[in-house]
Amino acid sequence: MSPGPIRRPPPTRAVDQVDTLHGVEVADPYRWLENTESPETAAWIAAQNEVTFAYLESLPLREELKQRLTALYDYERYSIPYHRGGRYFYTRNTGLQNQAILYLQDSLAADGRELLDPNGLSPDGTVALSLVEPSPDGRLLLYGTSASGSDWQEFRIRQVDDGIDRADHLRWIKFSRGSWMRDGKVFFYSRYPEPVPDAALSAQNRDMKVYYHRLGTDQREDQLVYERPDQPDWGFAGEVTHDGRYLVLTVWLGTDSRTRVYYHDLGDPLAPNPVGPVVKLLDDFDAAYGFIGNAGPIFYFRTDRDAARGRVIAIDTRAPAPDAWREIISEAEQPLDAVALVGGRLVTSYLVDAKSRLAVVDLDGNPVSEIPLPGIGTAGGISGEPDRQEMFFAFTSSLVPTSILRYDLQAGALTPFRAPKLTFDPSVFVTEQVFVTSRDGTQVPVFLTHRKELVRDGSHPTLLYGYGGFNANLTPFFDPATIAWLEQGGIYAQANLRGGGEYGEDWHRAGMFEKKQNVFDDCIAVAEYLIREGYTGAGHLAVEGASNGGLLVGAVMTQRPELFAVALPDVGVMDMLRYHHFTIGWAWATEYGRADDAAHFHVLRAYSPLHNLKPGTNYPATLVTTADHDDRVVPGHSFKFAAALQAATTWDRPAYIRIETKAGHGAGKPVSKLVEARADVLAFALANTRSK
């Protein structure tokens, strides 16, 4: 199969922009593309898309893949239900609906009824439901929406019984949920100051504050609960305890896993006081403290203090000194990924070589039971209440679409709540886990999914996917696009690179700051392994990643361009010297460091994709993908990288950028756009991995 004709886009205008950082001159000839609202940038986007889509439309498999992906996406998908006031709230997508619809069941035996359909909120399905928080009695629904993939949310209140929205309307909310007081009349949330006009998609987000909103009032009347003007980079996540007695504030700084924890005693849950003194319970910023729940004044936390793989402690707020803390669950060989307080017990989720294991212990840490899982895969999203004996969670793997399971803690019974019907035959494929030796001897786990009868002759198109950062776990998950790739004879390789959290905080820190190169070395080692072991060849290997994973792709393709046939950086962080100037980018300095710091500058410049492109290099066939409304990793990253790549590459292979309109970083993307985007990416990858 031959790819379409390679046509070069018009050359991008270069300017004489040079910055001097720590005595080093750094050219930035495409700085003007950071202004994504300018007419010149709009014209550049149109010119790039015209050439890109002309190429994509010429690919023989594009329409076939689009049709197959449409069929593969056409299966029922459910979210994990929330139980509130005797009712169950969950979302359902029948298959090809752009957005999932929120449903309500009055009991497990009752039929579900539609409560909120976000597909009617915009003609093209680009307004998504970003938050669902029923009131404690289940009579009201706090819900959030986001438009065109933006991180900005708007909050509204819907009456559950009649489906009518109240007048309450809140804006300028980002990275915040809402948490109701027990009386169902007030909820807490966090928000940023309103940005200046026309800067909502690019201005830095700082000075988050905690407010409470009383139903029936205007947002301008919301009362300030907590702020730290002396710490404009701090963020706050508020949670009212299940008993309604406390507001717990988790204080975060950027993406640093270390946290502070404060709380406010609300008093009588039936007559609470939403404003009052805030107690600084954990204020050293020395470790991660994840609030699990409480038993009166006893607070339970998952922490990595003195336990890189995690443990559970109990703190009596009446005697909170560290020497009085009680250890409930000690550190184990496997990372303790998550803990939930359900039915008066602790439900624990461990990672065993990036695979899930669930177990239940009592509040003294004594084992109660193991929760059997359907197979090797990922269990997550535990939903339950401290005073009820039922819980729900999701289970998925590379070959198993997400099913929702219900577990009765008292009976020890696991039953399906919702399970989709398959639209493909999983029996012809297999997933195996291998371990690859990285440059420094570290063993890196990789999940490989392929046809059972695979012959290792080095000929198979292979898609290597990675992330490696921010303590994020890349565990097995189902993606219809993976099935379409496998059906074309491809191999899907998912690598658990350092920088993630698959083996605890030490694994994470081994891929941060000056150790970030370990992440790229791990990915390169996996690529070399796949070639060496005959799964694929350098002419058939594609590498893909999104966001921090887009940075990964940009780094490995510039460091080892001969190793890959195709590079697919999606919404990537490509300019490591200026990322902190836009929206929430400053928050990533706790992971990467900042170019303002001389020590970090030299590390960042050494791997920054934009700054390591070399003229006259035969780079892999590259399809950069981004979106015009991405206000997390602003599209200027991808714009500048694509322009520089097009100027540097020999054009023996294509170097294009696909710019989605009315879309953002990925969350809430309509199914129709997902199908089109994945069809384009897979067609591009297949055309350029089968041509050797």
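The values are calculated or read from the model by the stated rules, or taken from the named source; none is laboratory data. No experiment lies behind these values; they were computed from the predicted model shown. Reconstructed Cβ throughout: ideal geometry from the backbone, glycine too, with neighbour counts over all protein chains shown. When the accessible area is computed, the model is the full protein with side chains, heavy atoms only, and any ligands, DNA or RNA have been set aside. Shrake-Rupley method; radii C 1.70, N 1.55, O 1.52, S 1.80 Å.
Looking at segment 131-142, which of its residues are open to solvent by less than 10 Å² (accessible area, probe 1.4 Å) and within 17 Å of Tyr88 (Cβ to Cβ)? Show your work before the answer.
Within segment 131-142, the subset open to solvent by less than 10 Å² (accessible area, probe 1.4 Å) is 131, 134-135, 138, 141-142.
Matches in segment 131-142: Pro134, Ser135, Gly138, Leu141, Leu142.
Answer yes if at least one residue in segment 298-317 is basic (Lys, Arg), at pLDDT 95 or above, in a loop (DSSP other than H, G, I, E, B) and open to solvent by 20 Å² or more (accessible area, probe 1.4 Å), and no otherwise. Explain how you work it out, then say what you get.
Of segment 298-317, the ones basic (Lys, Arg) are 302, 305, 309, 311.
Filter again for at pLDDT 95 or above, leaving 302, 305, 309, 311.
Applying the additional criterion that residues be in a loop (DSSP other than H, G, I, E, B) yields 305, 309.
From what's left, open to solvent by 20 Å² or more (accessible area, probe 1.4 Å): 305, 309.
The answer is yes, given that some residue of segment 298-317 is basic (Lys, Arg), at pLDDT 95 or above, in a loop (DSSP other than H, G, I, E, B) and open to solvent by 20 Å² or more (accessible area, probe 1.4 Å).
Going through Val436, Val444 one at a time, which residue ends up being in contact with an Asp or Glu (Cβ under 6 Å, 6 or more places away or on another chain), under 29 Å from Leu530 (Cα atoms) and β-branched (Val, Ile, Thr)? Don't jump to the end; show me each part of the working.
Numbers: Val436 fails: in contact with an Asp or Glu (Cβ under 6 Å, 6 or more places away or on another chain).
Val444 is the lone residue from the list that is in contact with an Asp or Glu (Cβ under 6 Å, 6 or more places away or on another chain), under 29 Å from Leu530 (Cα atoms) and β-branched (Val, Ile, Thr).
Could you grab me the full set of residues in segment 462-473 that are open to solvent by 20 Å² or more (accessible area, probe 1.4 Å) and over 14 Å from Leu568 (Cα atoms)? Steps first, answer last, please.
Taking segment 462-473 and keeping what is open to solvent by 20 Å² or more (accessible area, probe 1.4 Å), we get 465, 467, 470-473.
Passing the criteria: Phe470, Asn471, Ala472, Asn473.
With a cut-off of at least 2 residues that are over 22 Å from Ile315 (Cα atoms) and within 20 Å of the chain's Cα centre (by Cα), name the strands (runs of 3 or more DSSP E) lying wholly within segment 336-389.
Numbers: elements: 336-342, 345-352, 355-361, 367-371, 378-384.
Correct list: 345-352, 355-361, 378-384.
For residues that are more than 16 Å from Met576 (Cβ to Cβ) and charged (D, E, K, R), tally how many sit in segment 597-631.
Looking only at that region, the number is 4.
Identify all residues within segment 150-194 that are surrounded by 20 or more Cβ atoms within 10 Å (Cβ to Cβ) and in contact with a Ser or Thr (Cβ under 7 Å, 6 or more places away or on another chain); write none if there are none.
Result: Trp152, Gln153, Ser176, Trp180, Phe187, Phe188, Tyr189, Ser190, Arg191.
Being touching a residue at least 12 places away in the same chain (Cβ under 8 Å), within 14 Å of Tyr465 (Cβ to Cβ) and over 20 Å from the mean Cα position of the chain (by Cα): is that true of Leu497 here? Walk me through how you get there before you give the answer.
Numbers: touching a residue at least 12 places away in the same chain (Cβ under 8 Å): yes; within 14 Å of Tyr465 (Cβ to Cβ): yes; over 20 Å from the mean Cα position of the chain (by Cα): no.
Answer is no for this residue.
For segment 124-133, enumerate the residues that are in a strand (DSSP E or B) and closer than 14 Å to Val671 by Cα. Working first, answer last.
Going residue by residue through segment 124-133, those that are in a strand (DSSP E or B) are 127-133.
Scanning segment 124-133 gives Val127, Ala128, Leu129.
Of the residues Arg578, Arg560, Arg653, which single one is open to solvent by 30 Å² or more (accessible area, probe 1.4 Å), over 24 Å from Ile45 (Cα atoms) and of a type outside the set (Gly, Ala, Ser)?
Values: Arg578 fails: over 24 Å from Ile45 (Cα atoms); Arg653 fails: over 24 Å from Ile45 (Cα atoms).
Among Arg578, Arg560, Arg653, only Arg560 is open to solvent by 30 Å² or more (accessible area, probe 1.4 Å), over 24 Å from Ile45 (Cα atoms) and of a type outside the set (Gly, Ala, Ser).
Under 6 Å between Cβ atoms, which residue pairs at least 6 apart in sequence (or on different chains) link something in segment 456-483 that is of a type in the set (Val, Ile, Thr) with a partner that is surrounded by fewer than 21 Cβ atoms within 10 Å (Cβ to Cβ)?
The qualifying pairs are Ile483/Phe424.
A quick yes/no check of all residues on (1) in a helix (DSSP H, G or I); (2) touching a Gly at 6+ places or on another chain (Cβ under 8 Å); (3) closer than 22 Å to Leu686 by Cβ:
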{"site": "Pro5", "(1), (2), (3)": "no, no, yes"}
{"site": "Thr12", "(1), (2), (3)": "no, no, no"}
{"site": "Asp19", "(1), (2), (3)": "no, no, no"}
{"site": "Leu33", "(1), (2), (3)": "yes, yes, no"}
{"site": "Ala42", "(1), (2), (3)": "yes, no, no"}
{"site": "Ile45", "(1), (2), (3)": "yes, no, no"}
{"site": "Asn49", "(1), (2), (3)": "yes, no, yes"}
{"site": "Phe53", "(1), (2), (3)": "yes, no, yes"}
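Collect the residues in segment 162-196 that are closer than 15 Å to Asp631 by Cβ and without any contact (Cβ under 8 Å) to a residue 12 or more places away in the chain, keeping them in residue-number order.
Matches in segment 162-196: Val196 only.
Being of a type outside the set (A, V, I, L, M, F, W, C), farther than 21 Å from Thr20 by Cα and touching a strand residue (DSSP E or B) at 6+ places or on another chain (Cβ under 8 Å) is the requirement here; does Asn548 meet it? Please lay out each step first, then the result.
Working: of a type outside the set (A, V, I, L, M, F, W, C): yes; farther than 21 Å from Thr20 by Cα: yes; touching a strand residue (DSSP E or B) at 6+ places or on another chain (Cβ under 8 Å): no.
No, not satisfied.
I'd like to know if segment 442-461 contains one or more residues that are open to solvent by less than 40 Å² (accessible area, probe 1.4 Å), assigned to a strand (DSSP E or B) and aromatic (Phe, Trp, Tyr).
Within segment 442-461 (the criterion being open to solvent by less than 40 Å² (accessible area, probe 1.4 Å), assigned to a strand (DSSP E or B) and aromatic (Phe, Trp, Tyr)), the answer is yes, since at least one residue qualifies.
Any residue in segment 430-446 that's touching a residue at least 60 places away in the same chain (Cβ under 8 Å) and over 16 Å from Gly499 (Cβ atoms): show its pairings with residues that are surrounded by 15 or more Cβ atoms within 10 Å (Cβ to Cβ) and of a type in the set (Phe, Trp, Tyr) at Cβ separation under 7 Å, as long as the two are six or more apart or on different chains.
Cβ pairs passing all conditions: Gln433/Phe447.
Okay, residues lined up against (1) open to solvent by less than 30 Å² (accessible area, probe 1.4 Å); (2) at pLDDT 95 or above:
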position	(1), (2)
His600	no, yes
Leu610	yes, yes
Pro635	yes, no
Gln646	yes, yes
Val671	yes, no
Ala685	yes, yes
Lys692	no, no
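Being farther than 14 Å from Trp485 by Cβ and either modelled with pLDDT under 95 or β-branched (Val, Ile, Thr) (or both) is the filter here; which residues of segment 433-452 pass it?
Result: Val434, Val436, Thr437, Thr442, Val444, Val446.
In the list Gly412, Gly380, which residue meets the criterion of being surrounded by fewer than 21 Cβ atoms within 10 Å (Cβ to Cβ), under 20 Å from Asn471 (Cα atoms) and of a type in the set (Gly, Ala, Ser)? Explain how you work it out, then say what you get.
Details: Gly412 fails: under 20 Å from Asn471 (Cα atoms).
Unique residue meeting the criteria: Gly380.
So for segment 211-231 (the condition being out of contact with any Cys (no Cβ under 9 Å at 6 or more places or on another chain), charged (D, E, K, R), crowded, with 18+ Cβ neighbours inside 10 Å and assigned to a strand (DSSP E or B)), does at least one residue qualify?
No, the conditions are met nowhere in segment 211-231.
Filter segment 424-441 down to the residues that are hydroxyl-bearing (Ser, Thr, Tyr) and surrounded by 15 or more Cβ atoms within 10 Å (Cβ to Cβ), then identify the one that is farthest from Tyr90 (Cα to Cα).
Applying the first criterion (hydroxyl-bearing (Ser, Thr, Tyr)) to segment 424-441 yields 427, 431, 437-438.
Pick out the ones that are also surrounded by 15 or more Cβ atoms within 10 Å (Cβ to Cβ) and you get 431, 438.
On the way: Thr431: 30, Ser438: 42 Å.
Going through the qualifying residues, I end up with Ser438.
Could you tell me whether any residue of segment 251-258 is of a type in the set (Lys, Arg) and at pLDDT 95 or above? Steps first, please.
Taking segment 251-258 as the starting set, the residues that turn out to be of a type in the set (Lys, Arg) are 258.
Narrowing the set further to residues that are at pLDDT 95 or above leaves none.
No; the residues of segment 251-258 include none that is of a type in the set (Lys, Arg) and at pLDDT 95 or above.
Give segment 453-499 a look and list any residue that's β-branched (Val, Ile, Thr) and at pLDDT 95 or above, or say none.
If we filter segment 453-499 for residues that are β-branched (Val, Ile, Thr), which is where we start, we get 455, 462, 475, 482-483, 491.
Within segment 453-499, Val455, Thr462, Thr482, Ile483, Ile491 qualify.
Kindly provide the set of residues from segment 257-294 that are touching an Asp or Glu at 6+ places or on another chain (Cβ under 9 Å) and of a type in the set (Val, Ile, Thr), ordered by number.
Val261, Val279
So how many residues does segment 318-331 have that are loosely packed, with under 15 Cβ neighbours inside 10 Å and outside any strand (DSSP E or B)? Explain how you work it out, then say what you get.
We begin by selecting, within segment 318-331, every residue loosely packed, with under 15 Cβ neighbours inside 10 Å; these are 318-319, 321-324, 326-327, 330.
Of the ones still in play, those that are also outside any strand (DSSP E or B) are 318-319, 321-324, 330.
Of the residues in segment 318-331, 7 are loosely packed, with under 15 Cβ neighbours inside 10 Å and outside any strand (DSSP E or B).
Can you find, within segment 598-638, the residue that is farthest from Gly539 (Cα to Cα) among those that are small (Gly, Ala, Ser) and in a loop (DSSP other than H, G, I, E, B)? Break it down into steps so the answer makes sense when it comes.
Step one: filter segment 598-638 for residues small (Gly, Ala, Ser), giving 598-599, 606, 608, 616, 621, 627, 636, 638.
From the residues that got through so far, the ones that are in a loop (DSSP other than H, G, I, E, B) too are 608, 616.
On the way: Ser608: 25, Gly616: 19 Å.
Top of the filtered list is Ser608.
Taking into account only those residues within segment 474-509 that are part of a loop (DSSP other than H, G, I, E, B) and of a type in the set (D, E, K, R), which is least open to solvent (accessible area, probe 1.4 Å)? Quick ask: steps written out before the conclusion?
Just the residues of segment 474-509 that are part of a loop (DSSP other than H, G, I, E, B), to begin with: 474-479, 488-490, 496-497, 499, 501-504.
Narrowing further to those that are of a type in the set (D, E, K, R): 479, 502.
Values: Asp479: 35, Glu502: 4 Å².
The qualifying residue least open to solvent (accessible area, probe 1.4 Å) is Glu502.
Please state which of the following conditions Thr650 fails to meet, knowing it meets all the rest: (1) of a type outside the set (D, E, K, R); (2) farther than 30 Å from Gly537 by Cβ; (3) over 23 Å from the mean Cα position of the chain (by Cα); (4) at pLDDT 95 or above.
Only one criterion in (1) of a type outside the set (D, E, K, R); (2) farther than 30 Å from Gly537 by Cβ; (3) over 23 Å from the mean Cα position of the chain (by Cα); (4) at pLDDT 95 or above is unmet by Thr650, namely (2).
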